[in-house]
Amino acid sequence: GTILFLHGNGQNMSYHIHTVWWLVNAGYAVFTFDYRGYGVSTGEPSIKGVMDDSHTALDLLLSGNIPDVDDVIVLGQSMGGAIAIYTVATTEHQDRISALITDSAFSSWRDIAREKAGDLFITWAFQYPVAWTINDDYAPRKFISEIDDTVNIMLIHNRKDPIIPYEHAEVLYKSSGKRADLLITNYEGHVTAGKYNDTQQKVINFLDIP
């Protein structure tokens, strides 16, 4: 299969590729890119901008100009998971997407901004004013229910995630109508699913669903 990989907020695609290299070894073709303002991509990053970039990448994969691409699996990590949910929910190509996988995704841009501001003493008092400046029109919890039943969904999250609390996965799971496969792990760190053989195998088994 062909996987569209949407990486997280920090660094660029070369920094994140080690987290999905095992999928290449498992026989999947992985297509990735840097959003505008990331890596060597020009422009300035914005929430709408990265959404547009993801749609463009998906359209390119399904344009027919890249050989041997039938259906596409969309995999997003952290911020990329939030982008992936919106992209799959709003693309005109849902019938050509076989699966959506998120690893450590958040359920709301505004909520995660508030939580991160609340983590620091210097910004704690401003967590709600800061959050309300964030555009939440693209909140993943609003869009996951709009994904067709033909698209299999897996939500992966580490219960000990120090960056994005695992409760975000529970919100997404409930917002999906509880139809998603929810895989909660107990490893240390953020975006850790690709590091462990047991989780890798669960993802492979999920992708083998007819």
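The table below gives the values:
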| quantity | calculated |
| --- | --- |
| Positive minus negative residues near S41 (Lys, Arg vs Asp, Glu; Cβ under 14 Å) | -3 |
| Mean residue ellipticity (222 nm) of the chain, computed from DSSP H runs ≥ 4 via -39,500 (n - 2.57), nearest 500 | -10000 deg cm²/dmol |
| Surface accessible to a 1.4 Å probe, K160 within the full protein complex, Å² | 100 Å² |
| GNM flexibility winner over the chain from I153, I85, I163 (Cα, springs under 10 Å) | I163 |
| Around T90: net Lys/Arg minus Asp/Glu count, Cβ-Cβ under 15 Å | -4 |
| Theoretical gain in end-to-end length, S14 to D59 [0.36 nm per residue, Cα-Cα removed] | 14.0 nm |
| Rounded accessible area per residue of the chain, 1.4 Å, Å² | 49 Å² |
| Full-stretch length increase - D68, K48 - with 0.36 nm per residue and alpha-carbon distance subtracted | 4.2 nm |
| Heavy-atom accessible area order for V24, V191, largest first, 1.4 Å probe | V24, V191 |
| Pair N25, K160: separation of 7 Å Cα→Cβ label points (nm) | 2.3 nm |
| Candidates S41, S108, S54: whichever shows maximal mean-square fluctuation once the chain is modelled as a Gaussian network with Cα springs under 10 Å | S41 |
| Rounded percent of accessible protein surface that carbon and sulfur make up, the chain, 1.4 Å probe | 53 percent |
| Between the range 137-203 and the range 27-60, the alpha-carbon center distance in angstrom | 21 Å |
| Calculated FRET value between K178 and I204, using beta carbons and R₀ = 30 Å, to 0.05 | 0.80 |
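The values are calculated or read from the model by the stated rules, or taken from the named source; none is laboratory data. This is a predicted model, so every value here is computed, not measured. In this analysis, Cβ positions are derived from the backbone assuming ideal geometry, glycine residues included, and neighbour counts consider all displayed protein chains. Quick note on the areas: whole protein, heavy atoms, side chains included, nothing else; ligands and nucleic acids left out. Shrake-Rupley method; radii C 1.70, N 1.55, O 1.52, S 1.80 Å.
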